[in-house]
Amino acid sequence: MSTPVGGTVLSFPGARPNQIGFARDELMRILDLYGRMVAAGEWRDYAMDFDRDAASFAAFRRAAERPQARVEKRPSLRNKQGMWTLFGEHGQVLKRGHELGGVLAPLERRLVKAIED
């Protein structure tokens with residue numbers, strides 16, 4: 001296998017990535033919320049899924065249950081309803097948006113209520 005000229009690897013123009021992922025700042029924001037929900041006793045486990053069309057982060061009360069909340073990033077919806085979606089425990093769409101902070105807002109409010117109780 002030969003090394004590219006100049007040591008730089010370039011992607012093929014027009015090629016789609018094999019999977020969608022979270023940027024570092026996006027993942028840090030999600031994991032920060034997850035950590036605070038764990039500290040509040042609301043969540044105990046999480047799972048991440050990365051495929052060709054979307055990346056998702058699911059948070060669980062218990063590992064054997066369905067996720068209590070799932071955040072999905074789907075870049076193909078960027079110019080339509082927003083690439084971020086928050087799903088509830090039964091798969092219902094709780095919030096859609098163009099920015100992660102706005103989509104996580106309902107979970108942030110739930111965290112405030114959990115701490116006040």
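None of the figures in this text is laboratory data; all of them are computed from the coordinates on show. Keep in mind that this is a model prediction, so the values were computed, not measured. Neighbour counts run over all protein chains shown; Cβ positions are idealised from the backbone, glycine included.
If I model a spin label as a point 7 Å beyond the Cα along the Cα-Cβ vector, how far apart are those points for residue 94 and residue 112 in nm?
The modelled label-to-label distance comes out at 1.5 nm.
Between residue 62 and residue 25, what is the label-point separation in nm under the 7 Å Cα-to-beta-carbon projection?
Once both label points are built, they end up 3.9 nm from each other.
Largest first and in whole Å, what are the equivalent-ellipsoid semi-axes of segment 19-116 based on the Cα gyration tensor, each being the root of 5 times an eigenvalue? Intermediate results must be reported in sequence, preceding the final value.
Values: eigenvalues 91, 42, 31 Å².
Here the semi-axes work out to 21, 15, 13 Å.
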